[in-house]
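Scroll down for the structure; my scribbles are underneath it.
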Amino acid sequence: MAKMRVGVYPGTFDPITNGHTDIILRATRLVDKLVIGVARNAGKGPIFSTDERVEIVRKELAELDNGAHDRVEVRPFDNLLMHFAMSVGAAVIIRGLRAVSDFEYEFQMAGMNRNLYPDVETLFLTPSEQYTFISATIVREIAKFGGDVSQFVHPAVMVRLREKAAAGAAHGN
């Protein structure tokens, strides 16, 4: 029996966007099991807590229409990506590239990761064209100022963003 091919798709997912979901759907066609690693990464100043982001991603993925939701797992992590990948038995790291500007950083990270753990490959996937310009950072900024993010995120994510924006406004943020 062949060994199950496990992939890890790491990110902050603050919030998960349609671009992330597109990459996840593409990745599920390439691996037997996909672990979505939600990075704690407090240094990025996420608007959602780690637990909230894990919950949001799980709800989003529960609605996958390609039948892959039973092969996708969502877990938080707060250690080195390669340590996390090894802990879940991953053979591949999935990274999304939206633009050429993403490539240099991701290329350097892939090289460093390969140096640390040569048995784990990095696979770059590009999203569908309609998602190439979507960035969670920009989505957060638009939502913060009351803009319409409905074309960038799932409706349930949009509701959560509006709630955060309203709570922030109520607290003077």
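The values are calculated or read from the model by the stated rules, or taken from the named source; none is laboratory data. Just so we're clear, the structure is a prediction, and the values are computed from it rather than from any experiment. Note that we place each Cβ from the backbone using ideal geometry, even for glycine, and neighbour counts take in every protein chain shown. Please note that ligands, DNA and RNA were not included when accessible areas were found on the heavy atoms of the full protein model with its side chains. Shrake-Rupley method; radii C 1.70, N 1.55, O 1.52, S 1.80 Å.
Values as computed for the structure displayed
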quantity	calculated
Solvent-accessible heavy-atom area per residue, rounded to whole Å², over segment 1-92 at 1.4 Å	48 Å²
Cα-Cα separations in the chain greater than 29 Å, expressed as whole percent	19 percent
For segment 84-173, diffusion coefficient by Stokes-Einstein and Kirkwood Rh (Cα), 10 °C, 1.306 mPa s, µm²/s	102 µm²/s
GluC sites (Glu not before Pro) restricted to DSSP loop in segment 1-92 with at most 16 other C-beta within 10 Å	Glu63
In the chain, lysine pairs closer than 29 Å at Cα, eight or more apart or cross-chain	10
Sulfur and carbon atoms: percent of accessible area, segment 1-130 [1.4 Å]	53 percent
Loop trypsin sites (Lys or Arg not before Pro), segment 1-86, which have at most 14 other Cβ atoms in a 10 Å radius of their Cβ (DSSP)	Lys3, Arg5, Arg29
